[in-house]
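The structure under discussion appears below in the form of structure tokens.
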Amino acid sequence: MIECSAPAKIILFGEHAVVYGQPAIAVPVSSIRARAQVETNVPTGQGLRINAADLGETLTVDLESDLEHALAIMARLNLKTLNSNPPDATITLHSEIPLASGLGSGAAVATALGRALSTTVGQPLDNEALNALVFEIEKLYHGTPSGIDNTVVVYEQPVYFVREQPIETLKIGAPFTLLIGDTGISASTRVAVGDVRKLYEADSTHIQPILDRIGMLVKNARQVIETGDTAALGELMRENHTLLRQLTVSSPELDRLVQAAVGAGAIGAKLSGGGRGGNMIALVTPTSAETVQAALLQAGAARVIMTTVE
Ligand code: PMV
């Protein structure tokens, strides 16, 4: 049986400013994944079915249909790119990645589907081609995405990302541990990105310097990650959170979790992704991890996931 998967992701630095051409850093979270399983032992002439198990939906995909579902669009794009007809197959999708919380669930599901479908028709897409297709799907969800989510999810490597530039992967000087704390509030990245755009258009002389400072900070963070200076990394996270607050994309819940983490001994903490809800991240040591995790739950986190970046 063909089985393909893709990881969740988190943005470490540079969200929002990345939309304006500044660099950002994101890493995969390989322990949480979206998976696609292909069943080809189906009646001849059945065509292509996608069973979105978590949504309780089954879609039938044919090239002429104008089904607006993102998964159907991904499948059609895939088949058209490969010049292939829909195979007789059922592709079942499962995702362990929480929805709409900045962990890249949409990109991961589309990636797993693209890998599975292209493999099924005997023309597995390489990462570059797959990344271009998943970016199209991201545009449906987010309007004007920078492309960072699909890139880190498809390549499953830490990336230093600059919009419309060749992909640069990142070396991790020393592994570090993060807690991902979920506010439990689902927030629209599209709305947050749109609000920053309005702010920028209304007052670019005030907003541009904030974006520039985030860009500088991300360049620093890259060096610090490559040399493995965890203390400096924490400081940069705190600074990045302050700048994101100035862009109005934090929220009382995110601020509360960030404060709780730092108060309980995290080296640094910040919101991650679109903001307004979704997740924050806290940089911890093996000795502080448990205390910080307890503090996050105490401060209202709906879930805390631990991940090591290496
Ligand atoms: O909410 P997420 O994790 O999908 O991240 C969005 C990141 C932004 O920089 C806010 C938008 C983008 O397209 O890069």
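The values are calculated or read from the model by the stated rules, or taken from the named source; none is laboratory data. Bear in mind that the values here come from a model prediction, so they are computed numbers and not experimental data. Glycine gets a Cβ as well: all are built from the backbone with ideal geometry, and neighbour counts include every protein chain shown.
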Residue 149 meets each of (1) of a type outside the set (Gly, Ala, Ser); (2) part of a helix (DSSP H, G or I); (3) without any contact (Cβ under 8 Å) to a residue 40 or more places away in the chain with one exception, condition (3)
inquiry  = Condition first: more than 16 Å from the ligand (Cβ to nearest atom) and β-branched (Val, Ile, Thr). Can you find one or more residues in the stretch 171-190 that meet it?
reply    = yes
Would you confirm whether any residue within the stretch 72-85 is more than 19 Å from residue 137 (Cα to Cα) and crowded, with 16+ Cβ neighbours inside 10 Å?
-> yes
Inside the stretch 22-45, the number of residues satisfying the requirement of being within 11 Å of the ligand (Cβ to nearest atom), in a loop (DSSP other than H, G, I, E, B) and small (Gly, Ala, Ser) is 0
Subset of the stretch 144-170, residues under 21 Å from residue 280 (Cβ atoms), modelled with pLDDT of 95 or more and either acidic (Asp, Glu) or more than 14 Å from the ligand (Cβ to nearest atom) (or both), comes to 158
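Kindly provide the set of residues from the stretch 124-159 that are touching a helix residue (DSSP H, G or I) at 6+ places or on another chain (Cβ under 8 Å) and within 26 Å of residue 289 (Cα to Cα), ordered by number. Walk me through it before giving the result.
We begin by selecting, within the stretch 124-159, every residue touching a helix residue (DSSP H, G or I) at 6+ places or on another chain (Cβ under 8 Å); these are 124-125, 127, 129-131, 133-138, 140-151, 153-155, 158-159.
Result: 153, 158, 159.
Is it true that residue 277 is assigned to a loop (DSSP other than H, G, I, E, B) and surrounded by fewer than 19 Cβ atoms within 10 Å (Cβ to Cβ)?
Working: assigned to a loop (DSSP other than H, G, I, E, B): yes; surrounded by fewer than 19 Cβ atoms within 10 Å (Cβ to Cβ): no.
Against the criterion (assigned to a loop (DSSP other than H, G, I, E, B) and surrounded by fewer than 19 Cβ atoms within 10 Å (Cβ to Cβ)), residue 277 does not qualify.
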